[in-house]
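Below is one structure, written out as structure tokens; the observations come after it.
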Amino acid sequence: MLAGEEVIDKFPLVGIYGGTFDPIHYGHLRIAEELLDSIGLQRMIFVPSGAPRLRAAPAASRGHRAAMVRLAIQDNSRFALDEREINRPGTSTTVQSLREYRCELGENTALCFVLGIDAFIKIDQWSEWRMLFNLCHLIVVGRPGFVSIDDEKNLPAAIRKEYSVRHAEDADDLARQPGGCIYTARTSLLEISASHIRSLISAGKSIRYLLPESVSEYIKSNRLYTGNL
């Protein structure tokens, strides 16, 4: 070790939760809450996407989706909203945002990017996807009805190769380096989806108990999703 070189026993962990949040619901919020405790995150940053590259445009506008996230997390001091992708012109890419976070938070923070298994099994289609491992850990959470990655044969070959060498068995491993691991988190699988919520609204049915009341009232007052599935 060089004189004056800092030795870090454990890196502080910061969660980054990206998605369209169209709208945000209790499934998103419960996952974030459980990860704070099970992994030991200092905070969870919600990052609504602007214009996603690999999926259809969200039904609600950027401003509405950011406003709904703000309402949903307002009572949780460990949650934060970041509108960088909402405010960024053009197509959103995760790698660009993670580069920015790495510059802002420095090399002595472990960034933990949260994504669902449905997104992870297609991550090789993301822009500069292998660069993600130089910038963060990937925290993969289950989704109702989707395959498990415990059996690696469910993964495309390129992803399976990365998973086999990067898989972290223990959440404590995430605090030992700033990035590079893939961790499968066990969280509650609430049978709630944004697409189902939009369908219910379009059909004039109740969405009570699927998302925070503040978000439901916002949707109602702004007449969101009334004609969009």
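Report whether or not ASP82 is open to solvent by 40 Å² or more (accessible area, probe 1.4 Å) and of a type in the set (D, E, K, R).
Criteria not met by ASP82.
Within the stretch 185-215, how many residues are surrounded by 12 or more Cβ atoms within 10 Å (Cβ to Cβ) and under 27 Å from PHE113 (Cα atoms)?
Selection size over the stretch 185-215: 16.
Could you figure out which of (1) open to solvent by less than 50 Å² (accessible area, probe 1.4 Å); (2) under 22 Å from ARG30 (Cα atoms) isn't true of PRO178?
(2)
Just give me the residues in the stretch 85-120 being within 12 Å of PRO52 (Cβ to Cβ) and small (Gly, Ala, Ser), in sequence order.
The answer is GLY90, SER92, ALA119.
Filter the stretch 88-117 down to the residues that are more than 16 Å from ARG43 (Cβ to Cβ), in contact with a Pro (Cβ under 7 Å, 6 or more places away or on another chain) and not acidic (Asp, Glu) and list them by number.
Across the stretch 88-117, the qualifying residue is only SER92.
Have a look at ASN154, ASN222 and point out the one that is more than 20 Å from the chain's Cα centre (by Cα), farther than 30 Å from MET68 by Cβ and surrounded by 14 or more Cβ atoms within 10 Å (Cβ to Cβ).
None of the other options fit; the residue is ASN154.
Take the residues in the stretch 40-53 that are open to solvent by 50 Å² or more (accessible area, probe 1.4 Å) and at pLDDT 95 or above, then tell me which one is farthest from TYR225 (Cα to Cα).
The residue in question is GLN42.
Yes/no per residue for (1) of a type in the set (Asp, Glu); (2) at pLDDT below 95; (3) in a loop (DSSP other than H, G, I, E, B); (4) over 22 Å from TYR225 (Cβ atoms):
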| residue | (1), (2), (3), (4) |
| --- | --- |
| GLU6 | yes, yes, yes, yes |
| GLU33 | yes, no, no, yes |
| LEU36 | no, no, no, yes |
| ARG55 | no, yes, yes, no |
| PRO58 | no, yes, yes, no |
| ALA67 | no, no, no, no |
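Look through the stretch 92-132, keep the residues that are of a type in the set (S, T, N, Q) and within 14 Å of ILE16 (Cβ to Cβ), and return whichever of them is surrounded by the fewest Cβ atoms within 10 Å (Cβ to Cβ).
GLN96
Within the stretch 71-97, can you find the residues that are farther than 17 Å from VAL14 by Cβ, in contact with a Phe, Trp or Tyr (Cβ under 9 Å, 6 or more places away or on another chain) and part of a loop (DSSP other than H, G, I, E, B)?
Result: THR93, single match.
The values are calculated or read from the model by the stated rules, or taken from the named source; none is laboratory data. Not measured: the values here are computed from a predicted model. All Cβ positions, even for glycine, are placed from backbone atoms using ideal geometry, and neighbour counts span all protein chains on display. What goes into the accessible areas is simple: the full protein's heavy atoms, side chains included, and nothing from ligands, DNA or RNA. Shrake-Rupley method; radii C 1.70, N 1.55, O 1.52, S 1.80 Å.
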